[in-house]
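The values are calculated or read from the model by the stated rules, or taken from the named source; none is laboratory data. Because the structure is a prediction, the values reported are computed rather than measured. Cβ: placed from backbone, ideal geometry, glycine included. Neighbour counts: every protein chain shown.
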Amino acid sequence: SAVISQKPSRDICQRGTSLTIQCQVDSQVTMMFWYRQQPGQSLTLIATANQGSEATYESGFVIDKFPISRPNLTFSTLTVSNMSPEDSSIYLCSVNPGGADTQYFGPGTRLTVL
Amino acid sequence: KQEVTQIPAALSVPEGENLVLNCSFTDSAIYNLQWFRQDPGKGLTSLLLIQSSQREQTSGRLNASLDKSSGRSTLYIAASQPGDSATYLCAVRFTGNQFYFGTGTSLTVIP
């Protein structure tokens, strides 16, 4: 299993600003996943972050808007840049330790953009 | 394009009832399927994982089945309790490491 923490748990931001979300895992993992859950919607994968290489972004998501860092095997950050109200969502970090089939999720960061 | 659909979108039942949540997917070539629970303001909690070679998994009052040929999975909850109230999400892994999520079923169990 894995225990995942995220910071901040929630934030309210102004349009045009940026927010960096942190994800910390209690064990070393190869891949970390960032998801977005828009209001009333299900989860959508933003990108996969591997330590030591560039993140892989899904269709519709770009690095300039969602830059990701992965400095080591237990930590990652996701930045939401130049925010607009459409970015208001829950952002979740996820891992599958040891390549296990079970996916574990952090508690999420609830972002509101005014 | 892989798609995952869940019905119903919302369900309200009296305490003690047995209930079934449905999940359908467009591609039968799946790797595994996972059922999650999401409580308001919280992350996702894994309930059951079914590998493509399995037909069902059980944990306590929960039973999940998988029928790849028809592209369907069901989550059966026995003797529902108010504490079961949450949103239930179905996630399918086709290839690679990406999970495709359904839109969820919001369950309310009335005391």
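Observations
- Evaluating residue A:53 against the criteria (1) more than 11 Å from chain B (Cβ to nearest Cβ); (2) surrounded by 13 or more Cβ atoms within 10 Å (Cβ to Cβ) leaves one unmet condition, (2).
- Candidates B:12, B:70 - the one that is more than 14 Å from every other protein chain (Cβ to nearest Cβ) and in a strand (DSSP E or B): B:12
- Only one entry in A:96, A:82, A:50, A:72 is on the phi > 0 side of the Ramachandran plot and of a type in the set (S, T, N, Q), namely A:82.
- The range B:22-36, subset at pLDDT 95 or above and surrounded by fewer than 19 Cβ atoms within 10 Å (Cβ to Cβ), residue farthest from the chain's Cα centre (by Cα): B:24
- In this entry, residue B:76 passes the filter for residues that are among the aromatic types (Phe, Trp, Tyr) and away from every other protein chain (no Cβ under 11 Å).
- If only residues of the range A:29-40 that are more than 9 Å from chain B (Cβ to nearest Cβ) and farther than 13 Å from residue A:66 by Cα are counted, the one that is surrounded by the most Cβ atoms within 10 Å (Cβ to Cβ) is A:32.
- Residue A:43 touching a residue at least 40 places away in the same chain (Cβ under 8 Å) and within 14 Å of chain B (Cβ to nearest Cβ): yes
- Listed by first and then second residue, the pairs with beta-carbon distance under 9 Å, at least 6 apart or on different chains, first residue in the range A:1-12 and part of a strand (DSSP E or B), second basic (Lys, Arg), are A:10/A:110; A:11/A:110.
- Pairs with Cβ under 8 Å, 6+ apart, first in the range A:58-82 and touching a residue at least 40 places away in the same chain (Cβ under 8 Å), second in a loop (DSSP other than H, G, I, E, B) and small (Gly, Ala, Ser): A:74/A:27; A:79/A:18; A:80/A:18; A:81/A:18; A:82/A:16; A:82/A:18
Here is a yes/no grid of residues against (1) touching a residue at least 24 places away in the same chain (Cβ under 8 Å); (2) surrounded by fewer than 14 Cβ atoms within 10 Å (Cβ to Cβ); (3) aliphatic (A, V, I, L, M); (4) in contact with a Pro (Cβ under 6 Å, 6 or more places away or on another chain):
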residue	(1), (2), (3), (4)
B:11	yes, no, yes, no
B:14	yes, yes, no, no
B:20	yes, yes, yes, no
B:53	no, yes, no, no
B:65	no, no, no, no
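- Answer residue from the range B:67-102, given it is among the polar types (S, T, N, Q) and under 15 Å from residue B:6 (Cα atoms) and is surrounded by the fewest Cβ atoms within 10 Å (Cβ to Cβ) among those: B:70
Every residue, every condition in (1) more than 15 Å from the chain's Cα centre (by Cα); (2) within 28 Å of residue A:30 (Cα to Cα), yes or no:
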residue	(1), (2)
B:69	yes, no
B:72	no, no
B:76	no, no
B:96	yes, yes
B:106	no, no
